[in-house]
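Heads up: the structure comes next, in structure tokens.
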Amino acid sequence: MSGGRWVEVRDERQGLRPPSWLSPGIVVAAAFLLLIVVIIIGIVITRSSGERVRDDLTIAQLRADPEGYDGVTVELTGVVTRRYTIPFLDQYGLYEFDDGTGSLFVLSDKGVPPDDGEQVRLTAVFNGAVELDDQIRNLVEDQFGSAAGFVVDRVLPGIPLNVAYLTHQRFDLAAATAGEGR
């Protein structure tokens with residue numbers, strides 16, 4: 001065809017396609033990671049105890065005898081070195097707390113202290129003998145059935161998840177003379 005004209009053809013549905021970087025695999029992986037974080041926070045919340053607060057312990061002492069101090073409520077003074085929160089769910093967070101003798105990760109459903117180097121007085125429950133892979137599998141089985149528990153068991157095998165961590169109860173800025181804790 002000599003002398004033909006070029007005609008631009010536009011697909012009206014192009015505007016409705018998700019961005020190319022947002023593949024279904026990435027969405028599923030992100031949803032799975034968010035589910036794992038929520039499950040871990042749920043486990044932490046259910047393990048909180050009402051024992052008296054021990055303010056004579058350090059992180060080094062807790063790490064030296066994790067089974068002996070499991071479930072003990074402690075008060076530590078230190079700084080937050082790293083912090084992570086879930087977008088749109090700011091009250092849930094994970095942060096690293098360092099008291100000068102060592103550091104531990106802290107799970108919180110009550111907000112996260114500032115990480116600007118200020119001294120923080122933290123009240124938390126020490127969890128030193130938790131097998132998180134078993135806890136996650138049991139929680140998933142309870143909520144979604146044995147098939148979901150089987151999938152979780154296959155995703156986590158061989159990963160050493162026997163960890164020690166703190167469950168955030170409240171914090172105060174150590175420099176503050178008065179004020180309400182969180």
- Name every residue in the range 158-178 that is polar (S, T, N, Q) and either in contact with an Asp or Glu (Cβ under 9 Å, 6 or more places away or on another chain) or modelled with pLDDT of 60 or more (or both), in order of residue number. Asn162, Thr167, Gln169
- Residue that is surrounded by the most Cβ atoms within 10 Å (Cβ to Cβ), among those in the range 59-84 that are out of contact with any Leu (no Cβ under 8 Å at 6 or more places or on another chain) and polar (S, T, N, Q): Thr73
- Taking Ile136 as meeting all but one of (1) more than 29 Å from Ala175 (Cα to Cα); (2) assigned to a strand (DSSP E or B), write down the number of the exception. (2)
- Task: Pull up the range 57-95, narrow it to residues that are hydroxyl-bearing (Ser, Thr, Tyr) and part of a strand (DSSP E or B), then point me to the one that is nearest to Tyr165 (Cα to Cα).
- Result: Tyr95
- Query: Can you name the residue in the range 96-108 that is within 13 Å of Thr167 (Cβ to Cβ) and in contact with a helix residue (DSSP H, G or I) (Cβ under 6 Å, 6 or more places away or on another chain) and, of all such residues, is surrounded by the fewest Cβ atoms within 10 Å (Cβ to Cβ)?
  - Reply: Leu107
- Task: Can you tell me which residue within the range 5-58, out of those that are touching a Ser or Thr at 6+ places or on another chain (Cβ under 6 Å) and modelled with pLDDT under 70, is surrounded by the fewest Cβ atoms within 10 Å (Cβ to Cβ)?
- Result: Glu51
- Message: For the range 96-123, give me the residue count where each residue is touching a residue at least 24 places away in the same chain (Cβ under 8 Å) and in a strand (DSSP E or B).
- Response: 12
- Item | Residue check, Asp142 surrounded by fewer than 15 Cβ atoms within 10 Å (Cβ to Cβ), closer than 20 Å to Gly42 by Cβ and modelled with pLDDT under 80 | yes
- Selection status of Gly100, at pLDDT 80 or above, on the phi > 0 side of the Ramachandran plot, small (Gly, Ala, Ser) and under 14 Å from the mean Cα position of the chain (by Cα): no
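The values are calculated or read from the model by the stated rules, or taken from the named source; none is laboratory data. It should be emphasised that the depicted structure is a prediction, and the values quoted were computed from it without experimental measurement. Glycine also receives a Cβ, built like all others from the backbone with ideal geometry; neighbour counts cover every protein chain displayed.
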